[in-house]
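Okay, structure first, notes after.
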Number of protein chains: 2
Amino acid sequence: MLVVKKFGGTSVADKERIFNVARRIEKSYKAGDDVVVVLSAMGKMTDVLIDQAKDINPNPSKRELDMLLVTGEQTSVALMSMALSVLGVPSISLNAFQVAMHTTSSYGNARLKRIDSERIRHELDQKKVVVITGFQGVNKYDDFTTLGRGGSDTTAVALAASLHADKCEIYTDVEGVYTADPRVVKKARKMKEITYDEMLDLASLGAGVLHNRSVEMAKKYNVQLVVRSSLNEEEGTIVKEKVKVERMLVSGVAADKNVTRISVIGLEDRPGVAFRVFDLLAKANINVDMILQSIGREGRKDISFTVTEDMADEALELLENSKERLDYQKLDHRTNVAKVSVVGAGMMSNPGVAARMFECMYNSNININMISTSEIRVTVLIDEKDTEKAMNAAHDAFGLED
Amino acid sequence: MLVVKKFGGTSVADKERIFNVARRIEKSYKAGDDVVVVLSAMGKMTDVLIDQAKDINPNPSKRELDMLLVTGEQTSVALMSMALSVLGVPSISLNAFQVAMHTTSSYGNARLKRIDSERIRHELDQKKVVVITGFQGVNKYDDFTTLGRGGSDTTAVALAASLHADKCEIYTDVEGVYTADPRVVKKARKMKEITYDEMLDLASLGAGVLHNRSVEMAKKYNVQLVVRSSLNEEEGTIVKEKVKVERMLVSGVAADKNVTRISVIGLEDRPGVAFRVFDLLAKANINVDMILQSIGREGRKDISFTVTEDMADEALELLENSKERLDYQKLDHRTNVAKVSVVGAGMMSNPGVAARMFECMYNSNININMISTSEIRVTVLIDEKDTEKAMNAAHDAFGLED
């Protein structure tokens, strides 16, 4: 079996943890697997390198910052290969150049385009564990790039796809994907299986176990993902295209507090108004999430939407500066709000989910600000202070603890 | 003017020093030069990385150790490029892959074979300072190698040769090449010029300003080397093929305490005996320096030679194990000895140098153990305790202070 195993920075933060991971790899290798390992930089090393750069130049070129940052993963893979050697496991470390991990040119946030798997195949054929730097690539200029947040997950999935691996295991500090954040919902339960689409909705809604891009890629290339703990042998959660049919309506509850609601009040009620508002934001690369448009009244209407908190100031400033052109009466925004969502492939064929969600919010005396739904998700925007209450209420209402 | 400037680890050890170097580069760049910079890893970073590796694996694979070590120079070049950017100097950092710095395969001690200067030319054409990792290369497997001690000097000279640079400046913490170590010989004087051959003899004799391999390469490709201080604007010492004719007999005095003398006593006095002794050592990669063979007496003779101290145990063990085959009576060795040499291209045409050297040792009451000479060098092996006295005596005898 060919398996790609990805370990994050905490899993390789020090000597002891490096050997924990090495023993884990050893087990799989000695069981006869072909093993490809993807590693992040050790512990907080990426942050340390960023600080070092900013101390020299508060606004370093992204190209040079990537040149610096990639030393982090290279350090991890070299040390891991040395640790494997202590355990008698033959291995070789490779960086993005050696793997020919081709990406787009955009430094700091590049996208993977193509991997030449020849070198990896060659090393696997010689019965070596291949230890590869996550998070990084090279662009057409032969310059180093990094993939942005969650990049190592994406590296692992891309390698699994390119090598037609039997599975791609993502090791984290939790045991898998839960029906809700176990720190908030005491009754939260680890899921055995979840679909790519559910995982995508959970990730984008702040469950945060896997990065969206890696799940999208896994879905596209049908890579079987497993999310499991690096600290114990529990089986984890399998992410795949279809899960067994006798499943529940809703598979999980997620919350996201990193939200600001912005309202543009008293817009002229005529065609093209919404387009002008969102076109303005899109051109500034501001991602808009939930959108609510009021019904027109006296020739005027309101548009509300949510953005992530770090984008709020820029969005407000843009709208402020375009007040005349957009022709609205006033701007309003609120930061102390949160999105709470229920997600489940099962709800596609069941129209009662949204109603049950609203009912349980009502029963818990939680006021709903905005509503947004997709085929497999119902999201409500509520006051931030009600987040934990809302999550538990939804978890109970959909019987997720069983 | 195209100039290659090499700065060692101490010169880029911290933020302040990085900016010192950056300002130095800025000056040259703003004066209109095309500038290629070669950097070592910051301060003690290479040692720190080696310790980190040995903590994981006391005997790490050389391939993986090189994979780890090369992150050191990559960190330096990225930070230097960021610092140059603060000063408004456009620059780009490149590692061994990007420069295509091809070496032999031997990890930890690779030799440069070929540099593709295309990328560097391209960046220079865009008026960028090109900041390149010293000490490292890539072999035919696309794996990182390191060049061993003094490797960054060699990188700089190789780049200067490949780019047909007008000069190659090696910045160090001394102001140039001296007639003797100024810490030992108070009257030591900085030389304006010195020939490659003199520099080679001085380097191999423990003066240690430049690594031998870099000087050999400079001689081979006729690269004009300048050794100068990174701390001030002094002119330094120029190393080139020929220096002005009205020069002195002797240009410098060097000493080397890293010496052990080994004597093989009572060898059978017949042809092939010396060959068998030195062939044995050569096959174990033990470099032998001074050699003295006594005149045979009663069918037996003695052979004495020197090796560096770290090689002494291995050499003695080898000889011990071959006692029967070599047929000698006993082994003897001394560690507290030192080589003191006078070096000078001028002595080629002047046979009196050796005599004057022996005379000044005699006048200082220093006993000579062994003697070895080349066309431009006279070396005596003496008791280690006499080293400083011998250096000063020779410096005086050859009038080097003027």
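Just so you know, all these numbers are worked out from the coordinates, no wet-lab data involved. Given the structure is predicted, the values throughout are model-derived calculations rather than measurements. Backbone-built Cβ (ideal geometry, glycine too); neighbour counts: all protein chains shown.
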Next on the checklist: Would you work out the Kirkwood radius for chain A? I mean one over the mean of 1/r across all pairs of different Cα atoms, in Å.
Outcome noted: 22.9 Å
Item to check | Rounded if a/c under 1.5, otherwise prolate or oblate - segment A:321-402, Cα gyration tensor axes | outcome: prolate
Checklist entry - Taking amide hydrogens as modeled 1.01 Å from N in the peptide plane, which residues meet the under 5 Å criterion relative to A:S91, leaving out close sequence neighbours? => result A:V129
Checklist entry - Within chain B, what percent of beta bridges assigned by DSSP are antiparallel, to the nearest 5? => result 60 percent
Item to check | 3J(HN,Hα) from dihedral phi, segment B:256-268, Karplus parametrisation 6.51/-1.76/1.60, rounded to Hz, x for glycine, proline | outcome: 9, 9, 7, 9, 10, 9, 10, 10, 9, 9, x, 6, 5
Next on the checklist: What percentages make up the Cα-Cα pair-distance distribution of segment B:182-288 when the bins are 5 Å wide from 0?
Outcome noted: 2, 9, 15, 17, 15, 11, 9, 9, 7, 4, 1, 1, 0
Item to check | Most mobile listed residue (A:N212, A:N369, A:N287) in chain A, GNM with C-alpha springs under 10 Å | outcome: A:N287
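Suppose every K and R has +1 on its Cβ and every D and E has -1 on its Cβ; what is the size of the dipole of chain A about the Cα centre, in Debye to the nearest 20?
660 debye
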Next on the checklist: Looking at chain B as a GNM with Cα springs under 10 Å, which of B:H211, B:H122, B:H102 has the largest mean-square fluctuation?
Outcome noted: B:H122
Checklist entry - Fully extended, how many nm does the chain gain between B:F278 and B:D51 (0.36 nm per residue separation, minus their Cα-Cα distance)? => result 78.2 nm
Checklist entry - Given segment B:253-397 reduced to its alpha-carbon atoms as identical point scatterers, what log10 I(q)/I(0) does the Debye formula return at q = 0.11, 0.12, 0.15 Å⁻¹? => result -0.46, -0.54, -0.80
Item to check | chain A, relative contact order [Cα under 8 Å, separation at least 6], % | outcome: 14 percent
Item to check | Nearest-ten-degree value, helix A:309-321 long axis tilted from longest Cα axis of chain A | outcome: 40 degrees
Checklist entry - Over the protein assembly as shown, what is the percentage of antiparallel beta bridges among all DSSP beta bridges, to the nearest 5? => result 60 percent
Item to check | Using a 7 Å Cα-to-Cβ projection, B:K220 label spacings across copies, nm, ascending | outcome: 4.8
Checklist outcome for this item: In degrees rounded to 10, the 0-90 angle between helix A:273-283 Cα long axis and the longest Cα principal axis of chain A is 30 degrees
Checklist outcome for this item: Between A:V37 and residues 5 or more places away or on another chain, the pairs with built amide H atoms under 5 Å apart involve A:K5, A:V130, A:V131, A:I132
Next on the checklist: Could you tell me which residue out of B:A354, B:F305, B:F275 lies farthest along the dipole of segment B:253-397 toward its positive end? Charges go on the beta carbon: Lys and Arg +1, Asp and Glu -1, centred on the Cα centre.
Outcome noted: B:A354
Item to check | Overall form of segment B:70-144 per C-alpha gyration tensor (a/c, 1.5; a/b vs b/c) | outcome: oblate
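Over segment B:2-172, what relative contact order in percent results from Cα pairs under 8 Å that are six or more residues apart?
30 percent
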Checklist outcome for this item: So the angle from the long Cα axis of helix A:387-397 to the longest Cα principal axis of chain A, reported in degrees to the nearest 10, equals 80 degrees
Next on the checklist: Restricting to Cα pairs below 8 Å that are 6+ residues apart, what does the relative contact order work out to for segment B:339-402? Please round to a whole percent.
Outcome noted: 41 percent
Item to check | ³J(HN,Hα), Karplus 6.51/-1.76/1.60, whole Hz, each residue of segment B:35-44, x for Gly, Pro | outcome: 10, 10, 10, 10, 10, 8, 5, 5, x, 9
Item to check | Shape category assigned to segment A:116-223 from the gyration tensor of Cα positions, a/c cut at 1.5 | outcome: prolate
Checklist entry - Measuring from a point 7 Å out along Cα→Cβ, what nm distances, shortest first, does B:I50 have to its partners in the other copies? => result 3.3
Checklist entry - Looking down the axis that turns B into A, which residue of B has the closest beta carbon, and how many Å out? => result B:T71, 2
Checklist entry - Which value results for Rg/Rh of the protein assembly as shown when Rg is the Cα radius of gyration and Rh the Kirkwood radius based on the inverse mean 1/r? => result 1.12
Checklist entry - Which far-off residues, 5 or more places away or on another chain, put their amide H under 5 Å from the one on A:M42, with H placed in the peptide plane? => result A:S76
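For segment B:2-172, what is the percent of antiparallel DSSP beta bridges, rounded to the nearest 5?
25 percent
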Item to check | Given charges at Cβ of Lys, Arg, Asp, Glu: segment A:2-172 dipole, positive-most of A:H102, A:S85, A:F7 | outcome: A:F7
Checklist entry - So what's segment B:2-172 giving for Cα Rg divided by 2.2 N^0.38 Å, two decimals? => result 0.98
Checklist outcome for this item: For peptide A:65-71, the mean count of other chain Cβ atoms within 10 Å per residue Cβ is 6
Checklist outcome for this item: Connecting every pair of Cα atoms under 10 Å apart in chain B and solving the GNM, the largest mean-square fluctuation among B:A110, B:A218, B:A274 falls on B:A274
Item to check | Residue-averaged beta-carbon neighbours from other chains (10 angstrom radius) around A:215-223 | outcome: 0
